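Colleague: Take a look at this one; I'll ask things after.
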Amino acid sequence: MKKICVVSFVTFMFLTSFAFAGKVTEDFTKDLDKTWKVFAGVWKVQKGVLNQSEMGGPKVIVWETLGELKNFTITVEARQLTADADWGLAFRASDIANHYSWQWVNGHLAFVTYITNARTEAWTQNQPQEQNVWQEYKVVSKDTSYDLYWKGNKINTFEHKSLTKGFVGFFVWDQVDFDNFVVESDEIKGGMAVSPQVKLATTWGELKYK
């Protein structure tokens, strides 16, 4: 995955040290640090992406340093590496037994809930499998309402009231790669210092080629 950033040297030095209040991104150029928490799975940064390699599931990892968020926008690019691998964004996550996910699963897109370890596909839409293809998932959370996007297109607005806040991250079942995770929320503390692998999101002119 090749990336070209168009930005002045002074701006670059500033942006690689701090994230503006409300918006941060992780593009997985360095190993995971203590800002991330693994609920389940084997997660490792390799070749500029975050990979989950253990078969079976569910597997969840969250960006713990951002705190539990109520209202937010999260976006990620991901690709499945094995057939029928469930995968996508996790949110409202407090542990492996309690979280929501917007994901692909067994021939369809789905809003999946885990409530006290009980799994429910709360809403689904047919979607053929696209293995080894980068796809973008996005969720806009507004209290108990969720705008669901896939490949830049809004698929549905869905409401669910069981979980009201939690960490954001990724859900998988089997082997999947993730890249370019962007989180926007007014609940992110202003001037949050970030590790070297974390840069400001695409607002500063990233041009990406795959």
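Colleague: Can you tell me which of (1) part of a strand (DSSP E or B); (2) farther than 19 Å from LEU163 by Cα is the one TYR146 doesn't meet?
Modeller: TYR146 satisfies every listed condition except (2).
Colleague: Restricting to region 178-210, count the residues that are open to solvent by less than 10 Å² (accessible area, probe 1.4 Å) and modelled with pLDDT of 95 or more.
Modeller: Counting residues in region 178-210 that are open to solvent by less than 10 Å² (accessible area, probe 1.4 Å) and modelled with pLDDT of 95 or more gives 5.
Colleague: Could you grab the pairs with beta carbons closer than 6 Å, sequence gap of 6+ or different chains, first residue in region 143-157 and over 20 Å from ALA78 (Cα atoms) and among the basic types (Lys, Arg), second one open to solvent by less than 50 Å² (accessible area, probe 1.4 Å) and outside any strand (DSSP E or B)?
Modeller: Between residues of region 143-157 that are over 20 Å from ALA78 (Cα atoms) and among the basic types (Lys, Arg) and residues that are open to solvent by less than 50 Å² (accessible area, probe 1.4 Å) and outside any strand (DSSP E or B), there is no close pair.
Colleague: Read through the list (1) within 21 Å of ASP177 (Cα to Cα); (2) within 18 Å of the chain's Cα centre (by Cα); (3) not β-branched (Val, Ile, Thr), then give the number of the only condition that LYS154 fails.
Modeller: (1)
So that you can scan it fast, the table gives a plain yes or no per residue for (1) within 16 Å of ASP177 (Cα to Cα); (2) touching an Asp or Glu at 6+ places or on another chain (Cβ under 7 Å):
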{"position": "VAL38", "(1), (2)": "yes, no"}
{"position": "VAL42", "(1), (2)": "yes, yes"}
{"position": "LYS47", "(1), (2)": "yes, no"}
{"position": "ASN51", "(1), (2)": "yes, yes"}
{"position": "GLY57", "(1), (2)": "yes, yes"}
{"position": "LYS70", "(1), (2)": "no, yes"}
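Colleague: Report, by residue number, each residue of region 153-177 that is outside any strand (DSSP E or B) and open to solvent by 50 Å² or more (accessible area, probe 1.4 Å). Walk me through it before giving the result.
Modeller: Narrowing region 153-177 to residues outside any strand (DSSP E or B): 160-165, 174-175.
Hits for region 153-177 are LYS161, SER162, THR164, LYS165, GLN175.
Colleague: Considering only region 75-127, state which residues are assigned to a strand (DSSP E or B), at pLDDT below 95 and acidic (Asp, Glu).
Modeller: ASP86
Colleague: Of the residues that sit in region 82-109 and are touching a residue at least 24 places away in the same chain (Cβ under 8 Å) and polar (S, T, N, Q), which one is farthest from LEU69 (Cα to Cα)?
Modeller: THR82
Colleague: For region 80-91: of the residues being over 12 Å from the mean Cα position of the chain (by Cα) and not hydroxyl-bearing (Ser, Thr, Tyr), which is most open to solvent (accessible area, probe 1.4 Å)?
Modeller: In this case the residue turns out to be ASP84.
Colleague: Which one of THR113, THR65, THR124, THR75 is among the hydroxyl-bearing types (Ser, Thr, Tyr), open to solvent by 20 Å² or more (accessible area, probe 1.4 Å) and more than 19 Å from GLU184 (Cβ to Cβ)?
Modeller: Residue meeting the stated conditions: THR124.
The values are calculated or read from the model by the stated rules, or taken from the named source; none is laboratory data. Values in this document were obtained by computation on a predicted structure and should not be read as measured data. With ideal geometry, Cβ positions are generated from the backbone for all residues, glycine too; neighbour counts draw on all protein chains shown. To get the accessible areas, we keep the full protein, side chains included, count just its heavy atoms, and leave off ligands, DNA and RNA. Shrake-Rupley method; radii C 1.70, N 1.55, O 1.52, S 1.80 Å.
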